[in-house]
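A short write-up of the structure that comes next.
The values are calculated or read from the model by the stated rules, or taken from the named source; none is laboratory data. Keep in mind that this is a model prediction, so the values were computed, not measured. Cβ placement follows ideal geometry from the backbone for every residue including glycine, while neighbour counts extend to all protein chains displayed.
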Amino acid sequence: MMREDALLQQAITAARAGHELTARDMFLRVVEAEPKNEIAWMWLAGLLDNLDERIYACEQIMGINPRNAKAQTYLSQLLTEKQNFLDIENIRVEDQLRGIRAALKSGKKNSALQSIRELILNPQAERHPDVWRWLADLSPELNERASALEKLSALNPNDLRVQEELKQARHFQEHPIHQAELYEERGEIDKALLTYRMVALNPESKAQWNKIYWKIIELENIKQENIAHISPALSIARLTAGPPLVYVMFALVHVGVNPFAHQDPLIWLGLVFVTLGGFMIALAAVHSHNRLWTLLFKDAGAKGAPTARLFMSIAGWALTLIPHIMLFVLAWRRLINYALSLQ
């Protein structure tokens, strides 16, 4: 106790002599030893630099002595000062948000992303879901995107879409080779090469290292020869169109060039099933990341496990073949009826 009293006196002497940093350190040592030392907290309330720390010091004083009028007055001043600061910061954040919205509307995504990265340094921006939604959508960096989704999930814990996206982002963090495949799928060759090379530094097996090695060579050749990127969505659309076109040709052979002359709803209803089946076959054949895999099979990688792809392919072929078989049966019946009519 005598030691703390002596330290307190030394701190007061240093503060009055203008040695504020030395005095502050001494007062902090006093309150660490004696948390209920009102005098030390009173001095600290004036010596601390941070506004929140000064408020904390005043709150400690009021906890020790609720009748300390000087501390109460000073605390009210500090709280008013903090509120004014927050009001100014909120206005500044709203101005920045308007600027980001304008940049996004005009298609300036890189400029918007840079502004968002500057904005999130402001604590007042953390409570705006739009900031984290934009960052998650625009950021090409997986860790940054995952961090933004975590913030967005905390703000909107009941948003299932955010939960799914966060699950997928964490999946890619745990399986970076899947992230490399996603970059490759999007045509972002440089990012894919960088990610593959990072995975190659610590491969799971020799087989994986060999796969990555040949993949890097393949992508370097694509980049060197400047081969045009074809999106998986376009490949799926092209493959999907095949079965319906074949079915339409068979249907026209069956009903004639003028389909309205022999109206048969079942035949044209079959076109819907064939189109759906063709899409399912294409989706299973093209190794792309598709949100449908997440919705149907809860696949975090959104690329479809081999079993899921097999199931999708079988279902697609079933939907495609059944209408074709129906056409064959109808044609066979017509042939029999025609043969009977000749007898």
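Contact map, the range 12-37: first residue more than 15 Å from Leu48 (Cα to Cα), second residue surrounded by 13 or more Cβ atoms within 10 Å (Cβ to Cβ) and aromatic (Phe, Trp, Tyr), Cβ cut-off under 9 Å, separation 6 or more or different chains; pairs are Pro35/Trp41; Asn37/Phe27. Checking Leu276, Leu296 one by one, the residue that is modelled with pLDDT of 80 or more, assigned by TED's automatic domain parsing to the domain that holds Pro243 and more than 19 Å from Ser231 (Cβ to Cβ) is Leu276 and no other. Go through the range 132-160 and report how many residues are part of a helix (DSSP H, G or I), within 19 Å of Leu104 (Cβ to Cβ) and of a type outside the set (D, E, K, R). Residues flagged as part of a helix (DSSP H, G or I), within 19 Å of Leu104 (Cβ to Cβ) and of a type outside the set (D, E, K, R) within the range 132-160 amount to 8. The single residue among Leu149, Leu182, Leu193 that is crowded, with 17+ Cβ neighbours inside 10 Å and modelled with pLDDT under 80 turns out to be Leu182. Among residues that are modelled with pLDDT under 90, of a type in the set (D, E, K, R) and either within 47 Å of the chain's Cα centre (by Cα) or outside any helix (DSSP H, G or I) (or both), Glu53 is not included. How many residues, within the range 228-262, are surrounded by fewer than 11 Cβ atoms within 10 Å (Cβ to Cβ) and modelled with pLDDT under 85? Of the residues in the range 228-262, 7 are surrounded by fewer than 11 Cβ atoms within 10 Å (Cβ to Cβ) and modelled with pLDDT under 85.
Listed here are the residues, each with its yes/no results for (1) assigned by TED's automatic domain parsing to the domain that holds Leu7; (2) under 30 Å from Leu135 (Cα atoms).
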position	(1), (2)
Glu32	yes, no
Ala40	yes, no
Glu53	yes, no
Gln60	yes, no
Leu79	no, no
Arg92	no, yes
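With the structure loaded, tell me whether Leu121 is in contact with an Asp or Glu (Cβ under 7 Å, 6 or more places away or on another chain) and either under 23 Å from Leu182 (Cα atoms) or not in a helix (DSSP H, G or I) (or both) or whether it fails that test. The answer is no for Leu121.
Take Ala241 and decide whether it is within 31 Å of the chain's Cα centre (by Cα), farther than 16 Å from Leu321 by Cβ and in a helix (DSSP H, G or I). It is false that Ala241 is within 31 Å of the chain's Cα centre (by Cα), farther than 16 Å from Leu321 by Cβ and in a helix (DSSP H, G or I).
Taking first residues from the range 321-343 that are within 13 Å of Val253 (Cα to Cα) and partners that are among the charged types (D, E, K, R), no Cβ contact under 7 Å between residues at least 6 apart in sequence or on separate chains turns up.
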